[in-house]
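What follows is a short report on a single structure.
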Amino acid sequence: MTELILNTVLIEDSNVEMELLKEILKDFKEIRILGSADKVTTGVNLITNFKPDVIFLDVQLVDKTGFDLLDKIKEYNLSPFIVFTTSHTDFAIDAIQYSATDYLVKPLNKKKIEKSIKKIKETIATRTNIYSQNKLSDYDKIAVQTQTKTQLIDIEQIMYLETIKGFRLTKFHFIGGKELTAVKSIGDFEKDLLAKKFEKINRFLTINPKHVTALNKEGIIEFKENKYVEVSKRSLRDLMRKLNIIE
């Protein structure tokens, strides 16, 4: 079996934090550091030249922000795993919008980094499994069976899905206000969707964090287009932990 190697780039404006991150990553044999930068300009050059598998990315850089860097590399059709490293908790929702694999709040330590690398390896293993089973030639779609037909749904368009209580049915809610009722339980979709970074809130609700705009402490998850769902405060705290907004 081929040993997994994750070609990695580090973008960090603090020399102290950069050296700490390099020291921690030495303990992970699957990580191969290709280079480092402290600015958006040099970071973009580094990433487009090396096309890394993983980017450890600080939010606040010397010239601009990590989000500015991600905007600039969009045109290159790269899809690295992004692990944000920052001293701020304020940008977690923004990180979700950019499909970040993880959001680590400094100070960094081996346990936090290990958790992120584990997420990356699990995602790679899931993708490999899906490919080997030839479930769908287009990984960004999912088959949803309604009462009349089976539709191939663009996963990116799903805001959330919920159980229709009392029935073995699932209602999908999409960007643009469209809804669709599937004649399967929510559990039948979870494996594929969780592999796409969806989050299971409880046995009745699974969400796409990419479309979340706010988390209200009273137990309300807000989405784009003024959509929202109410959950228990405990479920909300669990979600915030999964998204590394709180420890």
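Observations
- Residue 175 being modelled with pLDDT of 90 or more, of a type in the set (Val, Ile, Thr), under 23 Å from residue 103 (Cα atoms) and assigned by TED's automatic domain parsing to the domain that holds residue 228: no
- Residue list for region 144-156, restricted to those being surrounded by fewer than 16 Cβ atoms within 10 Å (Cβ to Cβ) and in contact with an Asp or Glu (Cβ under 8 Å, 6 or more places away or on another chain): 152, 154, 156
- Looking at region 157-247, the strands (runs of 3 or more DSSP E) lying wholly inside it that each contain 3 or more residues that are aliphatic (A, V, I, L, M) and buried (at least 16 other Cβ atoms within 10 Å of the Cβ) sit at 158-164.
- Those helices (runs of 4 or more DSSP H) lying entirely in region 1-97 with at least 2 residues modelled with pLDDT of 95 or more: 15-25, 40-50, 66-73
- Scanning region 98-143 for residues that are among the polar types (S, T, N, Q) and modelled with pLDDT of 80 or more returns 99, 101, 109, 116, 123.
- Cβ-Cβ under 7 Å pairs, at least 6 apart or on other chains, region 62-87 side within 19 Å of residue 49 (Cα to Cα) and in the same structural domain as residue 12 (by TED's automatic domain parsing), far side of a type in the set (Ser, Thr, Tyr) and loosely packed, with under 15 Cβ neighbours inside 10 Å: 73/48; 76/48
The values are calculated or read from the model by the stated rules, or taken from the named source; none is laboratory data. Because the structure is predicted, anything quoted here is derived from the model rather than measured. FYI the Cβ positions are ideal-geometry reconstructions off the backbone, even for glycines, and counts take in every protein chain you see.
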